Each structure stands twice: as C-alpha cells, then as structure tokens.
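Visitor: Handing you this structure, nothing more for now.
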Amino acid sequence: MKNKLIRLAELIQEDFPENFLAAFRSNEKSSLARRIAISSEAIGFHQKSSETLWLKAGKKRTPQDKRAAARSELAAFVFAYLTGDAKEYADSAIEALITLGRQGESEIIKSLAKR
C-alpha cells in the first residue's frame, strides 16, 4: 500500500510547492491528519493552477491545464483514500492517469479502491 501511495504522491508532487511526497515516505512520520491536510492543499493548488492556465489560454483547454486538473483529481483520490471513500473517486483518478499518460498505473487506483 505504501509504495502505491508514494507513486501517486510522485505524480501529484509535480509543480506543487510543498513537499507532498515527504508526507508519504516511510521514513517520515507524518500523521494521518497531516497527510489529509497536505492532500487538501494539493487539490486546491492544482485546481487553481488549472484555472489560471485555462484563463491564460482564453478559456480554452490546454495540455498544461489538463495535466494540472489531473493532478488535482489524483490528490482528491488520495484524500478520499485516506478518509475511507476511495471507491467514489476511482474512475476520476483512472481518467487522470490517462491524461497524464500513465494509464499503465491504473492498477494502483483499482487496488487502493478495493481497501
């Protein structure tokens, strides 16, 4: 489970200014509350980034905007996983992986959603 969360954390970390990944590494002793909090921060950051990119492009979808939105969806899945509601977000997370060109890693989402 830990390695799967770390893999998702690596994808979410891109462009996020805080060290999201550190909260999920086994050598770090982050509490569940801290992991939930940083997941929430990542959701907001990536959503805002997506919106900013969308507005800069004249309200047209761009690859950068789509990737930022996908990272937000992955962070939402991690948040849901940590709070016990992962199944509700699994489909969106799989679509996010496809957007990021990581469709081969959809098994991570399926596996975590079963727990």
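Each value in this text was obtained by applying a stated rule to the coordinates, not by laboratory testing. Note that this is a predicted model, so its numbers are computed, not measured.
Visitor: Once each part is reduced to its C-alpha centroid, what is the distance from segment 27-100 to segment 6-22 in angstrom?
Guide: 10
Visitor: Could you work out the relative contact order of segment 44-115? I mean the mean sequence separation of Cα pairs under 8 Å and 6+ apart, divided by the number of residues, in percent.
Guide: Numbers: 70 pairs, mean separation 19.0, N = 72.
The value is 26 percent.
Visitor: Set the bar at 29 Å for Cα to Cα. Now go through 66/110; 4/60; 2/87 and name every pair that lies beyond it.
Guide: Check vs 29 Å cut-off fails for 4/60.
Visitor: Compute the normalised compactness of the chain: alpha-carbon radius of gyration over 2.2 N^0.38 Å, N being the residue count.
Guide: On the way: Rg = 13.5 Å, N = 115, 2.2 N^0.38 = 13.4 Å.
Cα-based Rg divided by the globular estimate yields 1.01.
Visitor: Helix-only mean residue ellipticity at 222 nm, the chain, DSSP H runs n ≥ 4 weighted -39,500 (n - 2.57), per residue, nearest 500. What is it?
Guide: Taken over the chain, the calculation gives -21500 deg cm²/dmol.
Visitor: Something else now. Pick from 103, 13, 47 the residue whose mean-square fluctuation is largest in a GNM of the chain, springs joining Cα atoms under 10 Å.
Guide: Taking springs between Cα atoms under 10 Å, the residue moving most is 103.
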